[in-house]
Amino acid sequence: MSKQFGRLAFAGAIMSAAMVGAMGLGAGGAMAQQATVGLITKTDTNPFFVKMRQGAEAEAEKAGVKLMTFAGKYDGDNQAQVEAIESLIAAGAKGILITPSDTAAIVPTVEKARQAGILVIALDTPLNPITAADATFATDNFKAGELIGQWAKATLGDKAASAKIALLDLSPNQVTVDVLRDQGFLQGFGIDIKDPKHIGDEVDARIVGHDVTGGAEEGGRTAMENLLQKDPDINVVYTINEPAAAGAYEALKAVGKEKDVLLVSVDGGCPGVKNVKAGIIGATSMQFPLLMASKGIDALAEYAKSGKKPELTPGLDFYNTGVELITDKPVSGLPSLDSTQGLAKCWG
């Protein structure tokens, strides 16, 4: 071998090594852009979570991350969410967004994920305690309940003092979102809520009772039927969400009481806002699941890139994604949007 050839071969080897290194860096950059993140919702049938998943998928494509999605078979399916987190840990995920079905039972598994270096953000429903997640992006759920409670009280006027109230909650597990909305409504209505972290300890005679709906239309119908048997003169109905409100309305309609009851809810989905326009729901508090999802994905992508964790809304222990009262019967001193304005901002 000539010295000249040897020098050329050596130079070629250096160039090849440099090219491989550059390719490796390029691949590393691509891998960073394609960090795996996960979204775990309570179900894949509730329109709120369907829209949340769609928003997350769209934002993940923009952010350049690989999104894996999971959902429980029903609202309250904690085991499915445990298995989803374990799958994401095994997949080497950098971050997880979760709407927890059981806000306390899921905490040990969330802690396992965080110990593995995964950023965990709760969406819509805070964990119990809220500090069990790295951050929470959510509606101010207490405020959402309080707005519809204030509206119902003002709408009834003097009759609020003798109201008969039915509360259609989510589940027996008293998950945080359930408690916050329920207790917010009662406080807005002017009822002493005793322990704000617990449903059902009130002693106000105006409360006919609580029942659970699973956040679904059929559950809302059954719960309303149960409470009507307890007191057929119910004239105020609070519901955890708009599917439950739709079921409650059907039960009221079946006994000819749909026009005698103020029905209020939380969600702001397009079907629910249409029910406000139709006079079925008196008022609803609008949430913004697309914003929760997009902000959540952006936070996970930033964490995968830089290790930076998201900041919270000043003065709060979560990132507040906002709430709007939607009603076609506004009351003095309580800002609201009408159903036409609501339809321009709704989701689903």
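The values are calculated or read from the model by the stated rules, or taken from the named source; none is laboratory data. If you're wondering where the values come from, they're calculated on a predicted model, not measured in any experiment. Using ideal geometry, Cβ is built from the backbone for each residue, glycine included, and neighbour counts are taken over all protein chains shown.
Does region 312-346 hold any residues that are part of a loop (DSSP other than H, G, I, E, B) and among the hydroxyl-bearing types (Ser, Thr, Tyr), and which are they?
Thr313, Thr321, Ser332, Ser336, listed by residue number.
Counting only residues that are in a helix (DSSP H, G or I) and in contact with a Lys or Arg (Cβ under 9 Å, 6 or more places away or on another chain), which one in region 277-297 is surrounded by the fewest Cβ atoms within 10 Å (Cβ to Cβ)?
Leu290
Those residues that are closer than 19 Å to Thr45 by Cβ, in a helix (DSSP H, G or I) and out of contact with any helix residue (DSSP H, G or I) (no Cβ under 6 Å at 6 or more places or on another chain), I need them from region 243-273; list them, please.
Ala245, Cys270, Pro271
Scan region 176-190 and tell me whether some residue there is among the basic types (Lys, Arg) and crowded, with 22+ Cβ neighbours inside 10 Å.
Looking for residues that are among the basic types (Lys, Arg) and crowded, with 22+ Cβ neighbours inside 10 Å, one finds at least one in region 176-190, hence yes.
Can you spot a residue in region 196-217 that is among the basic types (Lys, Arg), without any contact (Cβ under 8 Å) to a residue 12 or more places away in the chain and surrounded by fewer than 21 Cβ atoms within 10 Å (Cβ to Cβ)?
Checking region 196-217: not a single residue is among the basic types (Lys, Arg), without any contact (Cβ under 8 Å) to a residue 12 or more places away in the chain and surrounded by fewer than 21 Cβ atoms within 10 Å (Cβ to Cβ).
What's the number of the condition Lys309 fails, among (1) within 23 Å of Thr69 (Cα to Cα); (2) part of a loop (DSSP other than H, G, I, E, B); (3) in contact with a strand residue (DSSP E or B) (Cβ under 6 Å, 6 or more places away or on another chain)?
(3)
Which of the residues spanning region 176-220 are closer than 15 Å to Ser265 by Cα, in a loop (DSSP other than H, G, I, E, B) and not polar (S, T, N, Q)?
Answer for region 176-220, where residues must be closer than 15 Å to Ser265 by Cα, in a loop (DSSP other than H, G, I, E, B) and not polar (S, T, N, Q): Gly214, Gly215, Ala216.
Answer yes or no: is there a residue in region 106-127 that is assigned by TED's automatic domain parsing to the domain that holds Gly38 and hydroxyl-bearing (Ser, Thr, Tyr).
Yes, the conditions are met somewhere in region 106-127.
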